[in-house]
Amino acid sequence: MKQRNLSLIAFVILLAGLVCLCAGYLCGLALMLRMGGWLIILALLGGLFVDQVREYRFTLTILIANFTALSAPHWFQSVGDLSLTDAWLLLIVVQAIMFGMGTQMSLRDFGQVVRIPSAVLIGLTCQFMIMPILGFSLARLFQFPPEIGAGLILVGSCSSGLASNVLTYLAKGNLVLSVTMTALATAMAPVITPIWMKLLAGTMIEVNALQMSLDIVKMVIVPLLAAFVSELLQSPRDVVRRCVLAFVGMSGLGLLLLCVGVWQRLAISYPSQQFPIMHSLLSIPGFIAAAFVVGWLYRLAVDRWQKLPRYMPQISMGGIVYFTLVTTAKGREQLLAVGVMLLLATILHNLLGYLLGYWGARLMGMNQCDARTVAIEVGTQNGAMATGLARGMNKLETVGLAAVIFAPLMNVTGSILANHWRRSVKQ
């Protein structure tokens, strides 16, 4: 009875908030908009305690972050002299998200491509063809400002995230295919994502494909390498562990040299303002060395606290919430200006991704189970990567907006679709 009453109260408050929000938007009343926003936040907070929506709690948390940042953007812009959108801070947050994801993956995932090569090839073709072209088409159809439209293309050009693996499991799809596609798509992102951005988004904004590729290496490949180093240190083969430890030792020595002045000399020779590409290239060895050391430290921590791996997904989720808060706060004015149309375009992007992914796979001869897996992989994208790249382009408040909307939306639609397919399998 308590659950039922709580659900009813949350629904009534949500309805009142939506009414205030619509009235404020249509009549241009700022007070009504703020009141509607806080009522919706209150309703969503109540929803976190409703058992019937247990599967959507992370999505509710993201929505709470969205509305809170819209209602009080000044809370999430800086702390003292520290900007919450500082480039280094956001890079560390993205790396933490990807490292948390990497600890849930395995090097064995890449080996599955040998077992199911045709399915993986079809899936990756759908993954990297459908969503970028859809994003470009929708940006043109809705005639968004260039940077907003480029954000849709950026979301579509990124790889899928671990959310697709969870949704595939819920849908009783081909989990091996899903995990393999996610692993390979992530590894291919430094090449594929910049190419699509240059070809499609390059018609709207300036895109430095090489710089974007290097940014993806830092944000995605480096933290995944750290996770795989930790995995290799568990190898039953003594020679593997010894080789990895040797690399860890050399990496530690390299980092020590960088700290005592080597990096400072290189940075002076190639300042980032004048030589951004060379500056980024010179930093890559340092990032790789750090990956080996972090992977080793994580393995030591796991050996001491064996329950640590189960908390890594929560760390990734916390990072996604942080990105949602700071991106929404920074891009509040632009989001309010194009919010309704951008929401509609994002919904179409997501749903058409599922639809075209499914039927594209079916037309290429895949069975229903595998086609559903491909549909989920195509329709769900790595929002953290998209947001991080938008920050790397210094356009977080515009190019990053589509990712902020897409992330919670895909969790809602994906969960509904996965549960529907799960029930159809049981029947």
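The values are calculated or read from the model by the stated rules, or taken from the named source; none is laboratory data. Just so you know, these numbers come straight off a predicted model, no measurement behind them. Here the Cβ is made from the backbone with ideal geometry for all residues, glycine too, and neighbour counts use every protein chain on show.
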Among the residues of the range 204-232, which ones are farther than 17 Å from Met101 by Cβ and among the β-branched types (Val, Ile, Thr)?
Ile205, Val207
Regarding Ile122, is this residue surrounded by fewer than 21 Cβ atoms within 10 Å (Cβ to Cβ), aliphatic (A, V, I, L, M) and in contact with a helix residue (DSSP H, G or I) (Cβ under 9 Å, 6 or more places away or on another chain)?
no
Out of all the residues in the range 158-174, is one or more surrounded by fewer than 24 Cβ atoms within 10 Å (Cβ to Cβ), assigned to a helix (DSSP H, G or I), touching a Lys or Arg at 6+ places or on another chain (Cβ under 8 Å) and in contact (Cβ under 8 Å) with a residue 12 or more places away in the chain?
yes
Scan the range 114-123 and tell me whether some residue there is within 19 Å of Met410 (Cβ to Cβ), in the same structural domain as Leu355 (by TED's automatic domain parsing) and part of a helix (DSSP H, G or I).
yes
In the list Leu342, Leu325, which residue meets the criterion of being touching a Ser or Thr at 6+ places or on another chain (Cβ under 8 Å), surrounded by 18 or more Cβ atoms within 10 Å (Cβ to Cβ) and more than 30 Å from Val248 (Cα to Cα)?
Leu325
Cβ-Cβ under 6 Å, sequence separation 6+ or interchain: first residue in the range 344-366 and assigned by TED's automatic domain parsing to the domain that holds Asn382 and more than 16 Å from Ile122 (Cβ to Cβ), partner modelled with pLDDT under 90 and of a type in the set (Lys, Arg). Which pairs?
none
Scan the helices (runs of 4 or more DSSP H) fully inside the range 341-427 and keep the ones with 3 or more residues being under 25 Å from Pro146 (Cβ atoms).
383-392, 401-426
Where Phe292 falls short, out of the listed (1) modelled with pLDDT of 85 or more; (2) surrounded by 11 or more Cβ atoms within 10 Å (Cβ to Cβ); (3) over 24 Å from the mean Cα position of the chain (by Cα)
(3)
Determine, yes or no, whether Ala187 is hydrophobic (A, V, I, L, M, F, W, C) and over 16 Å from the mean Cα position of the chain (by Cα).
no
Evaluate the range 401-409: report whether one residue or more is in contact with a Lys or Arg (Cβ under 9 Å, 6 or more places away or on another chain), surrounded by 17 or more Cβ atoms within 10 Å (Cβ to Cβ) and under 22 Å from Lys330 (Cβ atoms).
no
Exception for Thr85 within (1) among the polar types (S, T, N, Q); (2) part of a helix (DSSP H, G or I); (3) within 22 Å of Phe323 (Cα to Cα) falls at (2)
Leu89 is checked against (1) modelled with pLDDT of 80 or more; (2) outside the structural domain of Val326 (by TED's automatic domain parsing) and fails just one. What number does that condition carry?
(2)
Quick one: would you say Glu231 is part of a helix (DSSP H, G or I), of a type in the set (D, E, K, R) and more than 26 Å from Leu409 (Cβ to Cβ)?
yes
Out of the residues in the range 301-313 meeting the condition of being assigned to a helix (DSSP H, G or I) and without any contact (Cβ under 8 Å) to a residue 60 or more places away in the chain, tell me which one is farthest from Met101 (Cα to Cα).
Arg304
Of all residues in the range 26-42, which are assigned to a helix (DSSP H, G or I) and free of Cβ contacts under 8 Å to residues at least 24 places away in the same chain?
Leu26, Cys27, Ala30, Leu31, Met32, Leu33, Met35, Gly36
Per-region count, the range 42-80, residues at pLDDT below 80 and over 23 Å from Asn411 (Cβ atoms)
1
Taking the criterion of being part of a helix (DSSP H, G or I) and modelled with pLDDT of 85 or more, would at least one residue in the range 271-286 satisfy it?
no
Does Arg265 fit the bill of being at pLDDT below 75 and farther than 23 Å from Pro190 by Cβ?
yes
